[in-house]
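**Q** So that we are looking at the same thing, I have put the structure below in structure tokens.
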Amino acid sequence: MRNYVPDIIILFIVIVTVTIVRLVSHILHETLNDGPNLVVPPVEGKAIPEPEELSLSQLIDQKSKEYSWLLRLMVNIFGYLCIFVPGVLIYKYAKRTKYMERSERSHLSSLVKFCFSGSSSDGLDRPLDGTSGAGKGANAKRTTAQKCFLLSYCLVGLMGSYLTWGVLQEKIMTQEYEGPEKRKSHFKDSQFLVFSNRVLGFMITAVYLVAKRQFRHRAPLYKYSFASFSNIMSAWFQYEALKFVNFPTQVLAKSSKIIPVMIMGKIISRNKYEFYEYLTAVMISVGMIFFLTGSTDESKSTAMTTLTGVLLLTFYMIFDSFTSNWQDELFKSYSMSSIQMMCGVNLFSTLFTGASLAMQGGFYSSLVFAVDHPKFVIDCVILSISSAIGQLFIYYTIATFGAVVFTIIMTLRQAIAILLSCLIYQHRITFLGVIGVLIIFLAIFLRVYCNQRLKAIKQRHHQSAQGTGSGSKPRINV
């Protein structure tokens, strides 16, 4: 007779965790709901509307902008615990009781095994990211005209998707939407934007993997959760930062993430870096200081908002640098394809943000805003589509032309994005700010050039060493 006790205990862990989270959510709601609810102002000729119960998300929106982001951050993280805590407890329980070895085959046991053990190496799919020999051979057989066409295709795809994404991102987070009775209001819930982007990205990649019949890989599913957490945190900080700094500042801050990426690389992978990498990192830092000193934005001119914006961008860079380094480790350890990585990360991102929004009533408040502001719905849908398509173009461009071409295209995209933002949203940048922008982009191109130069020198030395039989290595200066 089958033993159902382990399955019941696992389900009990999930139910208890969800119950506790709902209870704490209710306590937070009552704590924040210590004042009168906002009442819609009366309109001439119409009855005065009754005050309605506000969700936790709406109550947070009523607080001052300078610290409401911190309150929402804490609530968001607590929502993520709805997924993390049951996962950790189930993992500990399964490991202690050897549940995965002893349990009989069932839907629940199969799910637990897939989450914490992964699939066997049998039937492992070939990579989709163009690293296979067949992919390289196909790329080598293309004519010059075909390569030019594909390069133009990637250029237009990356530029179109991410320039659209950048313009709409700034519009949604900084511009007012006109609602009923000509009332204007801002959309404030960055978490909902992260959710909408990730759920569409997950759906597209899941359909792709099913169509290509790529179901198995060695990585346990929970391994994606760490990259997913840092990914949604970096995305959330990125959206929140737009409430305090302008879009050009955000774009240049992304260029400066090379510095925390190097730091994380030292910590996580024990990477060693060349002299030119440290030099370009310093150049980017100097350029960023020049730009921040030389940029002016009257709507965000207070020291408090500027400091908050810089703090949010710093957290963005820290989490984003962790994401890339953790994904590199997963690629090395489990050899999954880029599409599988994107699907796994987006799956957990959807679960994390969905649980957090459900806990704080973010779905309700966002849908109410969407009903009252139809233009927001259009912008949000296009934003999510642009984000998902852009990710696919990233993987295709790297697979077809390599990381160097991709980096050059994205650097050009950042420069055009700054120009578009200044033209559309009237941002003013002084001469010192322009010098800072030029220094940053010069450092990026110098970094790409030195990296390629170093690889070429190493390759020539390797070929020379093979020809002479010498194993000595000369010092390389770039």
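**Q** Once you've got the Cα coordinates, tell me which of LYS92/LYS223; LYS223/LYS458; LYS98/LYS223; LYS272/LYS455 are over 24 Å apart.
**A** Those over the limit are LYS223/LYS458.
**Q** Near LYS243, which lysines are there with a Cα under 25 Å away, not counting those fewer than 8 places off in the same chain?
**A** Straight-line reach from LYS243, under 25 Å: LYS63, LYS65, LYS171, LYS182, LYS184, LYS188, LYS254, LYS257, LYS300, LYS375.
**Q** Determine, for MET264, MET336, the number of other Cβ atoms within 10 Å of each Cβ, and report the residues in order from fewest to most.
**A** Ranked by crowding around the Cβ, least crowded first: MET264, MET336.
**Q** Quick one: length gained pulling LEU454 to LEU419 fully straight, 0.36 nm per residue minus the C-alpha distance? Before the final figure, lay out the partial values.
**A** Details: separation 35, 0.36 × 35 = 12.60 nm, distance 3.25 nm.
Here the answer is 9.4 nm.
**Q** Between LEU311 and CYS148, what is the spin-label point distance in nm, taking each point 7 Å from the Cα along the Cα→C-beta axis?
**A** That separation, rounded to one decimal, is 5.4 nm.
**Q** Give, as a single signed number, the net charge of other residues whose beta carbon lies under 14 Å from the beta carbon of GLN452, with Lys and Arg counted +1 and Asp and Glu -1.
**A** That works out to +3.
**Q** Please arrange THR411, THR350, THR143 by counting, for each residue, the other beta carbons lying within 10 Å of its beta carbon, fewest first. It would help to have the intermediate numbers written out before the result.
**A** Numbers: THR411 17, THR350 22, THR143 8.
Neighbour counts put them in this order, fewest first: THR143, THR411, THR350.
**Q** If you put +1 on each Lys and Arg Cβ and -1 on each Asp and Glu Cβ, how big is the dipole of the range 160-250 around its Cα centre, in Debye rounded to 20? Present the calculation step by step, with values, prior to reporting the outcome.
**A** Details: 12 positive and 6 negative charges, 113 e Å.
Its charge dipole is roughly 540 debye.
**Q** Determine by what factor the alpha-carbon radius of gyration of the range 404-451 differs from 2.2 N^0.38 Å, reporting the quotient. Present the calculation step by step, with values, prior to reporting the outcome.
**A** Details: Rg = 12.1 Å, N = 48, 2.2 N^0.38 = 9.6 Å.
That ratio works out to 1.27.
**Q** Continuing with the same structure: Apply the Karplus curve 6.51 cos²θ - 1.76 cosθ + 1.60, θ = phi - 60°, to the phi angles in the range 176-193 and return the couplings in whole Hz, x for Gly and Pro.
**A** Coupling constants for the range 176-193: 8, 10, 8, x, x, 6, 6, 7, 10, 8, 8, 8, 10, 8, 5, 4, 5, 5 Hz.
**Q** In nm, to one decimal, how far is the PHE12 label point from the ARG270 one, both placed 7 Å along Cα→Cβ?
**A** Result: 4.4 nm between the two label points.
**Q** Let me ask you something else. Counting every Cα pair in the range 325-379, what percent are over 12 Å apart? Could you put the intermediate results ahead of the total?
**A** Working: 1088 of 1485 pairs.
Roughly 73 percent, once rounded to a whole number.
**Q** Further question: Taking R0 as 30 Å, what's the FRET efficiency between VAL368 and THR31 from their Cβ-Cβ distance, rounded to 0.05?
**A** Values: r = 22 Å, r/R0 = 0.75.
Efficiency computed from Cβ-Cβ geometry: 0.85.
**Q** Same structure, new question: Cα centroid distance between the range 351-367 and the range 369-394, in Å?
**A** If we compute the Cα centre of each part, the gap is 17 Å.
**Q** Students often get this wrong: which residues of the range 175-214 have the backbone nitrogen under 20 Å from the point 7 angstrom along Cα-to-C-beta of LYS65?
**A** Within reach of a label on LYS65, which here means backbone N under 20 Å from a point 7 Å along Cα→Cβ, the range 175-214 contributes 175-179, 183-194.
**Q** In Å, what is the Rg of the alpha-carbon atoms in the range 347-461, and how long is Dmax?
**A** 20.5, 65
**Q** In which sequence would ARG142, ARG96 go, from the one with the fewest C-beta neighbours within 10 Å to the one with the most? Provide the component values of the computation, followed by the final result.
**A** Values: ARG142 13, ARG96 8.
Lowest to highest Cβ neighbour count: ARG96, ARG142.
**Q** Would you mind calculating the gained length between VAL156 and ARG213 on full extension (0.36 nm times residue separation, minus the Cα-Cα distance), in nm to one decimal? Walk me through the numbers on the way to the answer.
**A** Details: separation 57, 0.36 × 57 = 20.52 nm, distance 2.91 nm.
Stretched fully, the VAL156-ARG213 segment lengthens by 17.6 nm.
Bear in mind that the values in this text are calculations on the coordinates, not laboratory data. Worth saying up front: this structure is predicted, and the values here are computed from it rather than measured. Note that each Cβ is placed from the backbone with ideal geometry, even for glycine, and that neighbours are counted across all protein chains shown.
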